[in-house]
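As structure tokens, the structure follows; a few thoughts come after it.
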């Protein structure tokens, strides 16, 4: 049975994933074959839509790795489409308030409690559901929202965000946060680091798992960053992206063969 992100997030073991920004199932094959436990299909910055994301999710299933999808914005219709496509976890970007987080969670729940549209003929339900009641109970237990907090406003409102019932996990976005703080992408800046540390502590205090992106193309720096966040209780990491990992491998080959 394909690994599920909910199970990975609940584990005390360290889990590594990456971002899928290249619209190719073969890339997801390589992610799975090289030991990553999950990937996040990026429909915000990846130049593709849900049709491609659904096929990348099939590749994740075939390689026994978990997957989530990052939707472009906090839109109930986009969240519904991701869930209907059978992708159980949705990363929602730019959540900056408790109200934002509550809206995202509501999009995972069918009416009258939530905003999710009801259709018995979709991939998540095997394309036709005869026992709708059982499907709703199973579906709502297994899907979840991952709140991506990446703005200065989100940092200020992190307690309200983490208090939102129904969130599966919190992800902190250091790069976007640095831009929002006026630091122009300097995710290593001490002020960014302090803000991220505070958000991590708040999420863990609320019994929410934290997913931490680690950007550096240098494996040694990545290892140091992972070790530091592990000491603070983080167990789940998104390493670079498929583009960063492939570009680094290309550079290593050209440097080794040309001496540059």
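The values are calculated or read from the model by the stated rules, or taken from the named source; none is laboratory data. This is a predicted model, so every value here is computed, not measured. Neighbour counts run over all protein chains shown; Cβ positions are idealised from the backbone, glycine included.
Residues in segment 35-45 that are out of contact with any strand residue (DSSP E or B) (no Cβ under 7 Å at 6 or more places or on another chain) and under 14 Å from residue 21 (Cα atoms): 45 only. For residue 140, the conditions (1) buried (at least 16 other Cβ atoms within 10 Å of the Cβ); (2) touching a helix residue (DSSP H, G or I) at 6+ places or on another chain (Cβ under 6 Å); (3) at pLDDT below 95 all hold with the exception of (2). Give segment 28-69 a look and list any residue that's in contact with a helix residue (DSSP H, G or I) (Cβ under 6 Å, 6 or more places away or on another chain), farther than 22 Å from residue 173 by Cα and in a loop (DSSP other than H, G, I, E, B), or say none. The answer is 63, 65. Restricting attention to segment 205-214 and to residues that are closer than 19 Å to residue 168 by Cα and under 17 Å from the mean Cα position of the chain (by Cα), the residue that is surrounded by the most Cβ atoms within 10 Å (Cβ to Cβ) turns out to be 211. Across segment 10-25, the qualifying residues are those that are part of a loop (DSSP other than H, G, I, E, B) and in contact (Cβ under 8 Å) with a residue 40 or more places away in the chain, and the one among them that is surrounded by the most Cβ atoms within 10 Å (Cβ to Cβ) is 21. Filtered by the rule that a residue be more than 24 Å from residue 66 (Cα to Cα) and either more than 19 Å from the chain's Cα centre (by Cα) or surrounded by fewer than 24 Cβ atoms within 10 Å (Cβ to Cβ) (or both), segment 144-157 gives 151, 152, 153, 155, 156, 157. Tallying residues that are under 23 Å from residue 150 (Cβ atoms) and surrounded by 16 or more Cβ atoms within 10 Å (Cβ to Cβ) within segment 98-114 yields 10.
Residues in segment 219-255 that are in contact with a strand residue (DSSP E or B) (Cβ under 7 Å, 6 or more places away or on another chain) and touching a residue at least 40 places away in the same chain (Cβ under 8 Å): 226, 235, 236, 237, 238, 239, 240, 241, 242, 245. Inside segment 152-191, residues that are part of a helix (DSSP H, G or I), in contact (Cβ under 8 Å) with a residue 60 or more places away in the chain and in contact with a strand residue (DSSP E or B) (Cβ under 8 Å, 6 or more places away or on another chain) make up a count of 1. Checked against the criterion of being closer than 15 Å to residue 210 by Cβ and surrounded by fewer than 20 Cβ atoms within 10 Å (Cβ to Cβ), the candidates 193, 123 yield just one match: 193. Scanning segment 88-97 for residues that are under 15 Å from residue 151 (Cβ atoms) and in a loop (DSSP other than H, G, I, E, B) yields 93, 94, 95, 96, 97. Against the conditions (1) in a loop (DSSP other than H, G, I, E, B); (2) surrounded by fewer than 18 Cβ atoms within 10 Å (Cβ to Cβ); (3) in contact with a helix residue (DSSP H, G or I) (Cβ under 8 Å, 6 or more places away or on another chain); (4) modelled with pLDDT of 95 or more, residue 217 satisfies every one except (4). Going residue by residue through segment 126-146, is there one that turns out to be in a helix (DSSP H, G or I), under 22 Å from residue 242 (Cβ atoms) and touching a strand residue (DSSP E or B) at 6+ places or on another chain (Cβ under 9 Å)? For segment 126-146, residues in a helix (DSSP H, G or I), under 22 Å from residue 242 (Cβ atoms) and touching a strand residue (DSSP E or B) at 6+ places or on another chain (Cβ under 9 Å): absent. Only one of these is without any contact (Cβ under 8 Å) to a residue 24 or more places away in the chain and touching a strand residue (DSSP E or B) at 6+ places or on another chain (Cβ under 7 Å): 107, 66, 118. Name it. On inspection, the qualifying residue turns out to be 118.
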